[in-house]
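Peer 1: Structure below; questions to follow.
The values are calculated or read from the model by the stated rules, or taken from the named source; none is laboratory data. Quick caveat, the model's predicted, so the values are computed rather than measured. Here the Cβ positions follow ideal geometry from the backbone for every residue, glycine too, while neighbour counts run over all protein chains shown. Quick note on the areas: whole protein, heavy atoms, side chains included, nothing else; ligands and nucleic acids left out. Shrake-Rupley method; radii C 1.70, N 1.55, O 1.52, S 1.80 Å.
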Amino acid sequence: MKKIDYYLTIGWLYPDLMSTYGDRGNIIVLSKRCEELGIKADVKRIGLEQDKKEILESDILFMGGAQDKQQEIVNKDLLEKKGNNLKSAIENNVPGLFICGAYQFLGRYYKTADGMMIDGLSIFDLYTENPGIHNNRLIGDIIVRIDDLRFKINDLKKEGNIHKSNLINHKSLLVGFENHGGRTYLGKNIEPFAKVIHGYGNNGGDKTEGIFYKNAIGTYLHGPILPKNWELADFLIQKAIFTKYNRVVEIKDENHVLEDEAKQVIVRRYLS
Amino acid sequence: MKITNVAIIIACKIISKAITLFNIGSGSTWPGHIALALNKNFIKEQIENNKKLKVILIAGTNGKTTTAKLTQYLLEKNSIRVFQNEEGANLLNGITSTMIKYSNIFGQLTYETAIFEVDENSLPLILKEIKHPAAIVILNLFRDQLDRYGEVNTIALKWEQSLSDLDKNTFLFLNGDDPQVYYLSKNLKTKNFFFGIDKSFMKKKDIPHDVDSIYCPKCSSKLVYNAISYSHLGDYYCAKCGLKPDRISTFSDLKIKYPLFGKYNIYNINAAMLLVSTVFDIKFEKIEKYIEGFKPAFGRQEIVKFQGRNLIILLSKNPTGFNQSIEALSESSIKNKNALIVLNDRIPDGRDISWIWDVDFENIIEKVNKIYISGDRTFDLAIRFKYISGNLETRKINEDLYSLGSNIFVIPDLKNSVKIATDRAAENETLFILATYSGMLDIRKIVNGKKLI
């Protein structure tokens, strides 16, 4: 196969509003990882002032979590302006990572602590309810298993010739930190992103965490998620190249000693 | 009730002595815990029984300890008798303990003024007990330990509600350069004053990453900044609704010799100056001349000698605090700097360490010869550095030592990291230690213990 120059645009949605939990780290990792893989990558900041067409020009989408007031501003902009384009991008297999508040927006609705209903974009078949101020927020370290994601990469393997090191088999545990008042419930036949091993996940009850829809991932894991869980960054980049170029990008084996140790600190704390 | 409180005070003083004598814990919060269990109205009644005592409350995310200590220093220089709570004892328990410590056995507080630094969540609780404080200072409001304090808007809302109960006898000193803090004044009955810093100190034009309040607190439009001092503090206005702070005291016309580096300390010092001059009616010349001689608290730029090397410890507990510590390190005229950065995730630090990605660590790399990384979450911090310093090779040297390129060392064990960082330093090198709260306390133990391992 002829070698071609890959070029990816990383669309960062509402960077100065939805960026409360160190979410910039995810963008830093995606850009740096692209560079290491020889992929030219540009980060496009898509805020209130930018046109909604910039969403359609993005090859990977990212949106982080925020505080209530900022979320209100963003929710309005999404429902009135950018939501349709975000929906069509996700439906067209553009890979995306949506954390916490962003994840909740993409569902059908969010019921606030005082019972108000806020419409979501209904891209994901799920809803979120805050059970009220007398219930605790779900806060703490979280460890999840991602067997389902590995499955998805196996699908990719069938479609293209993928190097085996691309498979996520690194003990298949991801670690992060969660902090959310809302409890999320998935619709029928919806695939969760991961299974909770320690922590709360979607609702603290059914052991599901996040959602996996087309090539988009919604999750409560911040920390931020990508620096320690580098497999997921590679996965999003591969999916983006496959969607855009119908090619499979070679992933070189890298030295991940710091990432593995960082994960082990949390895994040992709760699982040993 | 009075007799009960006197009995409580005497009992708690004895308990406190015992705790110290047998070295079974910190005497700074337990007496208060016991006193409040015996009488939940203890603070309210003691304040009521000591009507002459002027209470000053100091709140805000960063700078409480320095501002409180400086205020006490300036008042004492002007012959005013003051007591204050110990650093960190800034919840109800700690404040109660402090009141017990300084009460005589008749339950009287024979001081003119009490200064209490107050934790963000505790300010509304304290104001339920102390309904007529002489003055309140609110230094700033940044995101800090979101897992413990919640979001900044939630805190601002709680503060606003509790401040609205105060009457016109309370002086309120607010940071006018912080939009959300400035706007707290909108519907209050208090006597409001604003402090800030001179525009010549505001060197940034672009809005940095570690901001929380760059949208108008009144109408939610994006604010326009003429200049920025740090984080979301600066010279701002709202183009839509016209919100613009005025009457901000910056003390630009005074020739103050600031004893501490960093812009954050100019805010702290200006806040203390405004308070002391306004509430106690002391002339500026009786304040200004003492400022240069102020000695900071531990972990706030105090220089410590350890094994023949100079250490400067900078408490750095949230993104804004860290960025300010890095700026202070960069601007300091000390030559041959090394840095030890300590990241813990215990309860006083906040369990969530995501915020390290909002810190601009790239600004430290060029300024120091060597960087050492340690703490409970060493490896998370090491990953942060891996992503800012180009394609550095990571090497595991042994179980307790990793290297990242040739100048960054990753040492999970804190004692070991202090040992290596001082052993390997040349005599003329200074080690700046940037640490989260529990990390700073551990460093204090290591340094005061003098001996390592």
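Peer 1: Can you confirm whether segment B:192-199 contains a residue that is aliphatic (A, V, I, L, M), within 14 Å of chain A (Cβ to nearest Cβ) and closer than 28 Å to residue B:254 by Cβ? Reasoning before the result, please.
Peer 2: Restricting attention to segment B:192-199, the residues satisfying the condition of being aliphatic (A, V, I, L, M) are B:197.
Still in the running and within 14 Å of chain A (Cβ to nearest Cβ): none.
Within segment B:192-199 (the criterion being aliphatic (A, V, I, L, M), within 14 Å of chain A (Cβ to nearest Cβ) and closer than 28 Å to residue B:254 by Cβ), the answer is no, since none of the residues qualifies.
Peer 1: Could you check segment A:1-16 and list, in sequence order, the residues that are over 25 Å from residue B:318 (Cβ atoms) and either assigned to a loop (DSSP other than H, G, I, E, B) or open to solvent by 10 Å² or more (accessible area, probe 1.4 Å) (or both)?
Peer 2: Matches in segment A:1-16: A:1, A:2, A:3, A:4, A:5, A:6, A:7, A:9.
Peer 1: All but one of (1) within 14 Å of another protein chain (Cβ to nearest Cβ); (2) modelled with pLDDT of 85 or more hold for residue A:255, so report the exception by its number.
Peer 2: (2)
Residues checked against (1) within 13 Å of chain B (Cβ to nearest Cβ); (2) surrounded by 21 or more Cβ atoms within 10 Å (Cβ to Cβ):
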site	(1), (2)
A:194	no, yes
A:206	no, no
A:216	no, yes
A:221	yes, yes
A:227	yes, yes
A:231	no, yes
A:236	no, yes
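Peer 1: In this structure, does residue B:235 turn out to be surrounded by 16 or more Cβ atoms within 10 Å (Cβ to Cβ) and assigned by TED's automatic domain parsing to the domain that holds residue B:79? Let's see the steps before the verdict.
Peer 2: Values: surrounded by 16 or more Cβ atoms within 10 Å (Cβ to Cβ): yes; assigned by TED's automatic domain parsing to the domain that holds residue B:79: yes.
Yes, satisfied.
Peer 1: Being open to solvent by less than 20 Å² (accessible area, probe 1.4 Å) and not in a helix (DSSP H, G or I) is the filter here; which residues of segment B:252-281 pass it?
Peer 2: B:260, B:262
Peer 1: Can you run down the residue pairs with Cβ atoms below 6 Å, 6 or more apart or on separate chains, where the first is in segment A:119-138 and among the hydrophobic types (A, V, I, L, M, F, W, C) and the partner is open to solvent by 60 Å² or more (accessible area, probe 1.4 Å) and assigned to a loop (DSSP other than H, G, I, E, B)?
Peer 2: So the pair list comes out as A:138/A:200.
Peer 1: Does at least one position in segment B:396-414 carry a residue that is in a helix (DSSP H, G or I) and at pLDDT 95 or above?
Peer 2: Pass one, segment B:396-414, residues in a helix (DSSP H, G or I): B:414.
So of that shortlist, the ones also at pLDDT 95 or above come out as B:414.
Yes; the residues of segment B:396-414 include at least one that is in a helix (DSSP H, G or I) and at pLDDT 95 or above.
Peer 1: May I pose another question? Would you confirm whether or not segment B:340-361 contains a residue that is without any contact (Cβ under 8 Å) to a residue 60 or more places away in the chain, closer than 28 Å to residue A:222 by Cβ and more than 10 Å from chain A (Cβ to nearest Cβ)?
Peer 2: yes
Peer 1: Now for a different question. Quick check on my filter: what residues within segment A:213-272 are assigned to a loop (DSSP other than H, G, I, E, B), in contact (Cβ under 8 Å) with a residue 40 or more places away in the chain and of a type in the set (S, T, N, Q)?
Peer 2: Within segment A:213-272, A:215, A:229, A:246 qualify.
Peer 1: Considering only segment B:324-339, I want to know if a residue exists there that is out of contact with any Lys or Arg (no Cβ under 9 Å at 6 or more places or on another chain), over 26 Å from residue A:22 (Cα atoms), more than 10 Å from every other protein chain (Cβ to nearest Cβ) and part of a strand (DSSP E or B).
Peer 2: The answer is no; no qualifying residue exists.
Matching residues to (1) part of a helix (DSSP H, G or I); (2) within 13 Å of another protein chain (Cβ to nearest Cβ); (3) buried (at least 16 other Cβ atoms within 10 Å of the Cβ); (4) under 18 Å from the mean Cα position of the chain (by Cα):
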position	(1), (2), (3), (4)
A:18	no, yes, yes, yes
A:26	yes, yes, yes, yes
A:32	yes, yes, yes, yes
A:35	yes, yes, no, no
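Peer 1: Among the residues of segment B:365-392, what is the count of those that are more than 11 Å from chain A (Cβ to nearest Cβ), of a type in the set (A, V, I, L, M) and assigned to a loop (DSSP other than H, G, I, E, B)?
Peer 2: 1
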